[in-house]
Every structure is written in structure tokens, then in C-alpha cells.
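Notes follow the structure.
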Amino acid sequence: MRFTHSNPVELLFGQGVLTDQAGRIRTLGSRALIVTGRTSARASGILNELTESLNNHAVQWEIFDGVEENPGFDVVARGALYAGRFNADIIIGAGGGSPMDAAKAIAVLAGNPGLAVEELLFPQKRTHLPVVCIPSTAGTGSEVTPYAILTLEGLQTKSSLKCSIWPALSYVDTRYLHSMPPGVRCATCLDGLLHLMESALSSRASFLSDAYAEKGLELVAPLLPVLRQNRLDEQQWESLAASSVLGGMSIAQTGTTLPHGAGYLLTVRHGLEHGRATALTAPVWLQIHPDQQKVGRLLAILGMAAVEDFRETVRELAGPVRLELPSELLKSYAAELMNNGQKLANHPGPVTAGDLEAMYREATREDP
Ligand SMILES: [Fe+2]
């Protein structure tokens, strides 16, 4: 076995870490642009605690709250202009995966004046302003990965930026998760669950990434049957947050694989949330995966005897899906994905267009 491992993120985890240790932000700079969406950072309580903490440490701040779900190039370019005008030297992504990913892209553009946003898709090492992440959802793991995913509006797909943008610092506080509506909680948890599964079943998995992934699955397993309920206790919130971090840490080493590759088209073209789209394609992927022994081991950690149990759990958490897409369209999506070697690269075996089509059929079928 041969692998490299690197994760330079300073992760601060626990209740009150932001207010207690906001001084760490001051070591990165003195002018922070807070990148967020319209609601989640406010509703979660992050924004209040963050701005107060920045004031206490003499960090000037401005808010850019124009980030919608599945951000594209336009919003990132606007954010970078905003950062430039404010002369920001730190970019803080606060909220769900979308603001954190947008913050990373803005940090590269703001750190390289004159760089066109499209150039973020050219593989090249880039410098960037220091990034701080503060999640209000559990699942994306963006706070511990170098990835930023943007929607390419023209091509109607999503792409990961081709440069590594590790956050310098991330604060994970379970109190910020409490304001997630149950549907968001389930969808983002499904995303995190798939990060753990895809990492472990990636051709790039190592014993170290497996250690993260398997621990994450162990933590999330008891939550899956109770996640739709309105109340979680503090230990359950902590397990949810920790499993999400472990999912991010594991895919930061291995990347994702077929379910993420397939799910993006359903998100961008049909509005199915990322976590639901990804997880709903997964049962077929588990059935066609060449390492059935490992699939069985991972399912056993989740307390499941077979893929059918996984299918049931995912459908329960994802809720009803009514896409009703014609089979010709699903065939064309499968063909499109077959031509995208990058999205298939981490699958440790051959894949056919028929396999991918079956994943799409599964994800878009109505419940019986
Ligand atoms: Fe994801």
C-alpha cells in the first residue's frame, strides 16, 4: 500500500469554541469578509457570536450574504469584488456547504487580483487568502477539506475547483446545528453518510482514511433511525457533527466516487438536494461494487445485514422523490457520465453505462 496523508486544518470542536478561541482568527489577519447565505448563519446564531467575537479581537468585518444554494461563478466573482473593495485579508465561510465553498473560491480570487473566475477550473496550485469555516449544517465536511464545488451554469453541471483550498481554521459547535429544519438535517446527514461510504469504497482508500470513515459510520449508525425526530440530545448532536467532520477528513484523502458523480446532474438540472440526490443513487452502486466483502463490513458497522436495509434507510431519510424523468433522459445522463473520466476515476472496477443508468433509475423512481 502506498498513500500520502495531509490535513493542515486547525479544527476547534465543541460548544463555545468560537467565542472562547476567536483570538485565533486575529492571528490570520485584521479584516474579515464573512461569506454567508441569507438565513442559516443568522438563524443558527453564528453571525451574532462571530461578529461580537471579531469586535472583541479588533478584527474589522463586513458581510457578503449573497450566496444561494449551489453557488455559481457569478456570485463568487461578486464576492471577490466585495472582498477587494473592503481590502479583506481573511475570508470566513459561515453556514452550510454552499457559503463555505463560495468562501474558498472567493479567497483564491481575492488573493489573486486579475484572475478570472473561469481560471479556477485550470489545474494549478494557487495562493489564497486564509479561510475560516464555521458550519451550520452537519454533512458537507467542507470545513476540513480542500474542495470547493461550484455550479457551472452554462454546462448545467458542477465541478470541483482545480486547486486545493484548505481552511486555515474551522470552528465546529453543535449549538449552531440546532436550527436546521428536519429535512435539511436528513439531507445533509445523507451527504455525510455517503462521504464516509464513498471514501471507504474508493480505489484511493488507505488504512488511515478507512479509520476515519469507519469511526464516522460507527457514530452515525445509531442516529439514522431517529434523525427525522425533532429532538436530538447533546450526545447525538455531537455524534452527528463528528461523523460529518470524519466524512470530510476521509474524502479529503480519497475523493468521492460514483454516487457523488451521478448525483450532481440531478441536483443541478432537477433541483434535488445534493445529499438526497447522492444517497438515492447509492444502493445500486453498493450492489455493483467489486469489493463486496468491504461493502458487507461497512453495512455491518451501520447495523445493516444487506443493501436492501441501506436502501430502506436512505429512502426513509430522503423522503418522497417525484422526478418522473423519461428513461431516454436517464440514458443520456448515464452516457454523459461515462464520458467524464474524472467522475468515475475512484471506482475500483469497470463501470458500464447500464450500471449508471440503473443508479439514475433507482434515484428517480417513485416509492412503491
Ligand atoms: Fe457531498
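The values are calculated or read from the model by the stated rules, or taken from the named source; none is laboratory data. Computed from a predicted structure; not experimentally measured. Positions of Cβ are generated from backbone atoms using ideal geometry, with glycine treated the same way; all protein chains shown enter the neighbour counts. Just the protein is used for accessible areas: all its heavy atoms, side chains included, with ligands, DNA and RNA removed. Shrake-Rupley method; radii C 1.70, N 1.55, O 1.52, S 1.80 Å.
Key figures
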item	result
Net dipole in debye of the chain [+1 Lys, Arg Cβ; -1 Asp, Glu Cβ; about Cα centre; nearest 20]	580
Structure-based [θ]222 nm, the chain - -39500 (n - 2.57) summed over DSSP H runs of at least 4, per residue, nearest 500	-15000 deg cm²/dmol
Calculated FRET value between residue 291 and residue 68, using beta carbons and R₀ = 45 Å, to 0.05	0.75
Distance from the stretch 1-62 to the stretch 222-269 (C-alpha centre basis), Å	21
Of 192, 255, 141, the one that fluctuates the most in a GNM where the chain has Cα springs shorter than 10 Å	255
Largest-first ordering by accessible area, 1.4 Å probe, given options 85, 322, 175, 311	85, 322, 175, 311
Residue order for 61, 166 - accessible surface, 1.4 angstrom probe, largest first	61, 166
Folded to 0 to 90 degrees: helix 207-220 orientation relative to the chain principal axis, Cα	90
Taking the convex hull of Cα positions in the chain, its mean projected area over all directions (nm²)	16.8
For the stretch 137-196, accessible area per residue (1.4 Å probe, heavy atoms of protein chains only), Å²	25
Helix axis angle, 46-56 relative to the chain longest principal axis, alpha carbon, degrees	30
Beta bridges by DSSP in the stretch 10-177, antiparallel share as percent, to the nearest 5	15
Partners for residue 104 among aspartates and glutamates (Cα-Cα distance below 19 Å; same-chain residues under 8 apart left out)	10, 62, 65, 68, 69, 74, 89, 118, 119, 143, 153
Candidates 60, 229, 253, ranked by Gaussian network fluctuation over the chain, Cα under 10 Å, top entry	229
C-alpha long axis of helix 97-111 to longest principal axis of the chain, angle in °	50
GluC sites (Glu not before Pro) lying in DSSP loop within the stretch 62-105, provided at most 15 other Cβ fall within 10 Å	68, 69
Amide H partners (placed H, <5 Å) of residue 30, local residues excluded	89
Choice from 182, 113, 146 showing the highest fluctuation, given a GNM over the chain with Cα pairs closer than 10 Å	113
Solvent-accessible area of residue 78 with every protein chain in place, 1.4 Å probe, in Å² to the nearest 10	130
Protein-only accessible surface order, largest first, of 273, 214, 308 at 1.4 Å	308, 273, 214
Per-residue HN-Hα couplings for the stretch 303-316 [Karplus 6.51, -1.76, 1.60; θ = phi - 60°; Hz; x = Gly/Pro]	x, 10, 8, 8, 4, 4, 5, 5, 4, 4, 4, 5, 5, 5
Phi to ³J(HN,Hα) by Karplus 6.51 cos²θ - 1.76 cosθ + 1.60 over the stretch 76-86, Hz, x for Gly, Pro	5, 5, 5, x, 5, 4, 4, 4, x, 4, 7
Global geometry of the stretch 245-292, whether rounded, prolate or oblate, following the gyration tensor of its Cα atoms and the 1.5 cut on a/c	oblate
The chain, accessible surface, carbon-and-sulfur percent (1.4 angstrom probe)	50
Only Lys, Arg (+1) and Asp, Glu (-1) charged, at Cβ; the stretch 10-177 dipole about Cα centre in debye	260
For the stretch 323-328, 3J(HN,Hα) per residue [Karplus equation, 6.51 cos²θ - 1.76 cosθ + 1.60, θ = phi - 60°, Hz, x = Gly/Pro]	8, 6, 8, x, 5, 5
Exposure of residue 162 as accessible area (Å², to 10), given a probe of 1.4 Å and all protein chains	60
Net length gained if the chain between residue 342 and residue 328 were fully extended (0.36 nm per residue, minus Cα distance)	2.7 nm
DSSP beta bridges in the chain [antiparallel fraction, %, rounded to 5]	15
Distant-in-sequence amide H partners of residue 169 (H built 1.01 Å from N, under 5 Å)	10, 131, 133
